[in-house]
Amino acid sequence: MSKTAKIAENVRLHASGLVIAAALCGFSGQAMAADAPKPDDIVVTAQRANATHVENGGGAGVLGNKAAENLPFNLRSFDETLILNQQPRSLGEVLDNDPTVRTTYGYGNAAESFVIRGFELYGDDIGLNGLYGITPRQLIAPELFESVQVLNGASAFLNGAAPGGSGLGGSVNLLLKRAGNEPLNRVTLGYTSDSHFGGSFDVARRSSDGRWGIRVNGNYQDGNMSIKGEDRRTRVLGAGIDYDGGNLRVSLDLAYQQVRVDNLRPKVTINSATLPRVPKASANYAQDYTYTKLRDIFGMLNVEYDVADNVLLYAKGGARDGSEKGIYGGVRVNDAETGDGYVTALYVPRTDNNEAAEVGTRIKLGSQITHEFNIGASMNWQVNRNAFDFRYGTDFNGVPNNLYNPVQIPLPDSVFVGGNLDDPFPISRSTLWSVFASDTIGFWDDRILLTGGLRLQSIETKSYNAYNGGLLDSTYKDNAVTPVVGLVIKPVPGISLYANRIEALQPGSTAPLDVTNANEIFPPYKSTQYEVGGKAKIGPMFVGLALYQIKKPNAYSIDLTPDDGQDILTYGLFGLQRNRGVEFTVNGELAKGLRLISGLAINDAKQVHTGVAATEGKDAKGVPDWTANANLEWDTPMIPGLTLTGRVIYTGKQWVDAANTIRLPDWAVFNLGARYVLAAGDVPVTLRLNVDNVANKAYWASAFDTFATSVLQGQPRTFKASISADF
């Protein structure tokens, strides 16, 4: 029996057992309880509990959990009902719901990254319960999390500098699942086209006195995806225990994730003057030898203690042990008309050992004029061990192939090896620490909130040479102060106006050897953001509007005295990328049973002072001129328990290259779905069916790439189905 057939048979057996168990539970419940709930009541309650919605506000870093109207920033949270209903296979599919975020991939490997306000957020720099470095990198399975929080804008004060140096335009923070007040016993079986099957469980309990809670959940998926030949397997297991003793609150989380992707359809590097036509939606030009295997074990401990009603002490710490390896594939097109080009391969084994901690206090004082002080410190340690084996064919020229008619070839010969492939030694060690302090002053019953704060951030990195046995190559250590100023004015109930000035922070670069200031180490780069906006709560609807500008310095080499007849280069921060934009979001219940998640973003990203005439004043590549989403859910009154869903995702035109000679056309995809709740005895059972990219549109989705001129093809039509029972 084939692997797919075995998976399908297991799913059929589990599904049969689930239906029988649901029926038995229902029958026994009716027999044993005279006051058992009515089926109609079960359906209505379950349908309401399954409603997808967005929470406005959430965790604002060191400022703590805040409602949106009290924050001088733009912050939204997508909860676990959205994850359960939409059946996403990665974090990127969750963030597809946000009109201000777009997803792209790394070069050749299964590594999601995200574009927010025109800047990249690496998967390495996704936060977990407020700490960096603990989340699995590259690909993140969403089943472990109860909330995905998106903060638009720079956040060096709120969260500290991201260790990977990304996140200039926004950050994402994940919250692990916690036990609620009601017991939970949920089993789910799922299917994704073409032959991807899976199952999950989610169990939660809280003690009779409400003090202790435990939640355990796991998920297993395996099989072929809708892209021809692309196979994914995901295994996750998470457990969280928490204690709430009133003044003392403690939680411990442990989690395991393993993801393997075979035949990932890679990005396409363009080495031609025109854009290649898009292959058919489900086409795959990956080589059979390509794969990515990721394994992460991670956990966190969090402690909070109320010294008094107005004084909170907190401490949290976490760690991650990560292992990954893969043969990554590259596809380059030299002739856009014929699709001729070549393919390459790169083998990379890698391990990561990261730890992070944060301690602080939050003090609230005053009555007429209030103060909320936040004072604390954070630490982050990261060790990366890796090696690489370039299999690029003779003289790094690659192996000839074709985008439209790919031919499977043997794994190319190795042409260059760096490091120890069997036992990689450290390539980099980094230590980041910071101390922070802020005060939010409230006037007029907190209808005016003024926040000011400073964070002193230190960044130290040690780089080791992969070519000489891992000897120390260079050391970088510097620090910077990143301030924040934020203002919130609430003139009338339900209306909140805000403004902020905040910075992002990146490690400084080192001057190359061919310049007059060779090996000069530059201080950390600061990108400065100015933002104004407003928020309005209109009944069950929430509307947000933001206008922003972010300036990011860029470093390159120039001849400071071009008229002296000598080509003498100096390296420095001579360039700038200036991103401006407008963001509009709206979510809530338009009418009873009719819910909306929607919005749009207008982006204007310019290259300034580039030192190159071909790129001066041009748009930044890979940044769409505008993006928009609209997601509707309707609980149909004519058929109790039935919810219909629809979503449109639109992405505007974007440049492929920095000189603005090749441009991607705009694109839009439509998703449709339905879910139906029924009662099997007293057990609510939910059936879900989603169809992504209904028209099976073939399109280039993204041109964002820091290192190459490349494009990423969008996902084909994908069917998703699942059945859940809450016992």
Among the residues of segment 658-691, write down those that are at negative phi, surrounded by fewer than 18 Cβ atoms within 10 Å (Cβ to Cβ), assigned to a loop (DSSP other than H, G, I, E, B) and not small (Gly, Ala, Ser). Thr661, Pro665, Asp666
Test Phe542 against the stated conditions and say whether it is over 20 Å from Val582 (Cα atoms), surrounded by 15 or more Cβ atoms within 10 Å (Cβ to Cβ) and either among the small types (Gly, Ala, Ser) or in contact (Cβ under 8 Å) with a residue 12 or more places away in the chain (or both). no
Only one of Ala239, Ala281 is modelled with pLDDT of 95 or more, surrounded by 18 or more Cβ atoms within 10 Å (Cβ to Cβ) and closer than 30 Å to Leu176 by Cα; which? Ala239
Every listed condition ((1) outside any loop (DSSP other than H, G, I, E, B); (2) surrounded by fewer than 21 Cβ atoms within 10 Å (Cβ to Cβ); (3) in contact (Cβ under 8 Å) with a residue 60 or more places away in the chain) holds for Thr706 save (1)
Test: residue in segment 502-509 that is modelled with pLDDT under 75 and of a type in the set (A, V, I, L, M): no
Quick one: which of Arg332, Arg350, Arg362, Arg385 is in contact with a strand residue (DSSP E or B) (Cβ under 7 Å, 6 or more places away or on another chain), part of a strand (DSSP E or B) and without any contact (Cβ under 8 Å) to a residue 60 or more places away in the chain? Arg385
Give all pairs with beta carbons closer than 6 Å in which a residue from segment 395-410 that is part of a loop (DSSP other than H, G, I, E, B) meets a residue that is surrounded by fewer than 17 Cβ atoms within 10 Å (Cβ to Cβ); count only pairs at least 6 apart in sequence or on separate chains. Gln408/Asp288
One residue is enough: does segment 83-95 have a residue meeting the conditions assigned to a strand (DSSP E or B) and polar (S, T, N, Q)? no
Which of the residues belonging to segment 481-514 are surrounded by fewer than 23 Cβ atoms within 10 Å (Cβ to Cβ) and among the polar types (S, T, N, Q)? Gln506, Ser509, Thr510
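When you look at Ala141, is it of a type in the set (A, V, I, L, M), buried (at least 23 other Cβ atoms within 10 Å of the Cβ), over 24 Å from Leu644 (Cα atoms) and within 12 Å of the chain's Cα centre (by Cα), yes or no? If you could, list the steps in order and put the result at the bottom.
Values: of a type in the set (A, V, I, L, M): yes; buried (at least 23 other Cβ atoms within 10 Å of the Cβ): yes; over 24 Å from Leu644 (Cα atoms): yes; within 12 Å of the chain's Cα centre (by Cα): yes.
In short, yes.
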For the subset of segment 258-291 comprising residues that are in a loop (DSSP other than H, G, I, E, B) and of a type in the set (Val, Ile, Thr), which member is farthest from Asp222 (Cα to Cα)? Thr274
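Residues checked against (1) farther than 30 Å from Arg235 by Cβ; (2) modelled with pLDDT under 95; (3) of a type in the set (Phe, Trp, Tyr):
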| site | (1), (2), (3) |
| --- | --- |
| Tyr291 | no, no, yes |
| Leu313 | yes, no, no |
| Ser323 | no, no, no |
| Asn354 | no, no, no |
| Arg362 | yes, no, no |
| Trp381 | no, no, yes |
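The values are calculated or read from the model by the stated rules, or taken from the named source; none is laboratory data. Computed from a predicted structure; not experimentally measured. Ideal geometry is used to build each Cβ from the backbone, glycine not excepted, and the neighbour counts take in all protein chains shown.
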